[in-house]
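K.L.:
Please read through the structure below; I'll follow up with questions.
The values are calculated or read from the model by the stated rules, or taken from the named source; none is laboratory data. All values reported here derive from a predicted model rather than from experimental measurement. Please note that ligands, DNA and RNA were not included when accessible areas were found on the heavy atoms of the full protein model with its side chains. Shrake-Rupley method; radii C 1.70, N 1.55, O 1.52, S 1.80 Å.
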Amino acid sequence: MTRATALTAYLRLCHWLDRATLAFCVVAALFLTGATLAIVILRYGFGTGSIQFQNAADYAFASLLVFSIPVTLARGGHVRVEVFSERLSPRYIRIADIVAVLVFLIPVFGLMIRAFWPDLSYSWSIREGAIETGGLGGLYIVKSALPLASALMILQGIAMILKPSGKPSDHGKDMQETL
């Protein structure tokens, strides 16, 4: 496999992962909106509620929050701390992005995976459920979202570096040119 073929395959994989993550975020947001509306109507309209339904809304919110981070990075929506970046050349910004990914993004999200792993392993070993009595099980699956989203951040950061233009906002355009 040539270097160009490997790069194209990696960028395709990252593009596919981004699309799948975006679809998951859309579903989670729609479910969260509907569940919150239903919880409010049940509570104030009918004087009843469901702990499991509230847990499902909590799980959807947690998943949406965590998985929206790599989706945002893939679209160039990350926050730039540099005050002067709008006045600087695109070359400088590209170099700053590469340094930021290599020095900050990869180590920080790698550390998050490493630090959270023991808790996640324990959670899976006991098949952790909700804290409330009668709550929804499967909290261990939701806890898996944090290291998975961290891995997606690392993959998207590397893809941002490897893209020919280096602009995450040209995601679709780069993929069409690359493919």
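K.L.:
Over all directions, how big on average is the projection of the convex hull of the alpha-carbon atoms in the range 1-104, in square nanometres?
P.N.:
With every direction weighted equally, the projected area is 10.2 nm².
K.L.:
How large is the translational diffusion coefficient of the chain in µm² per second when you combine the Kirkwood radius over alpha carbon pairs with Stokes-Einstein at 10 °C and 1.306 mPa s?
P.N.:
Stokes-Einstein gives a translational diffusion coefficient of 86 µm²/s.
K.L.:
Ok, one more. For helix 145-162, report the angle its Cα long axis makes with the longest principal axis of the Cα atoms of the chain; keep it between 0 and 90° and round to the nearest 10°.
P.N.:
Roughly 20 degrees, rounded to the nearest 10.
K.L.:
On to the next question. Take the chain, connect every pair of alpha-carbon atoms lying under 10 Å apart with a spring to form a Gaussian network, then pick out the residue of Ala100, Ala29, Ala151 with the largest mean-square fluctuation.
P.N.:
Taking springs between Cα atoms under 10 Å, the residue moving most is Ala100.
K.L.:
Let me ask you something else. Please identify, among Ile154, Ile39, Ile98, the residue showing maximal mean-square fluctuation in a Gaussian network model of the chain using a 10 angstrom Cα cutoff.
P.N.:
Ile39
K.L.:
What is the Cα radius of gyration of the range 1-47 over 2.2 N^0.38 Å, N being its residue count?
P.N.:
Against the empirical 2.2 N^0.38 Å value, I get 2.10 for the range 1-47.
K.L.:
Quick check: the angle from helix 3-40's long axis to the longest principal axis of the chain, C-alpha only, nearest 10 degrees?
P.N.:
30
K.L.:
GNM on the chain, C-alpha springs below 10 Å: top fluctuator among Asp119, Asp97, Asp58?
P.N.:
Comparing Asp119, Asp97, Asp58 in the GNM, the peak value goes to Asp119.
K.L.:
Okay, moving on. With runs of 4+ DSSP H residues as the only contributors, calculate the mean residue ellipticity of the chain at 222 nm using -39,500 (n - 2.57) per run, divided by the residue total and rounded to the nearest 500.
P.N.:
Calculated at 222 nm, the ellipticity per residue is -23500 deg cm²/dmol.
K.L.:
Further, regarding this structure: Determine, at each q value in 0.12, 0.19 (inverse angstroms), the log₁₀ of I(q)/I(0) that the Debye formula gives when each Cα of the range 43-138 is one equal point scatterer.
P.N.:
-0.66, -1.05
K.L.:
Step by step: find N for the range 87-153, compute 2.2 N^0.38 Å, then divide the Cα radius of gyration by it. What's the final number?
P.N.:
1.64
K.L.:
Please report, as a whole percent, how much of the solvent-accessible surface of the chain comes from carbon and sulfur atoms (probe radius 1.4 Å).
P.N.:
69
K.L.:
Let me ask something additional. Per residue, how large is the accessible surface of the chain? Use a 1.4 angstrom probe and give square angstrom.
P.N.:
Result: 62 Å² per residue.
K.L.:
Using only alpha carbon pairs under 8 Å that are at least six residues apart, calculate the relative contact order of the chain and give it in whole percent.
P.N.:
Relative contact order of the chain: 31 percent.
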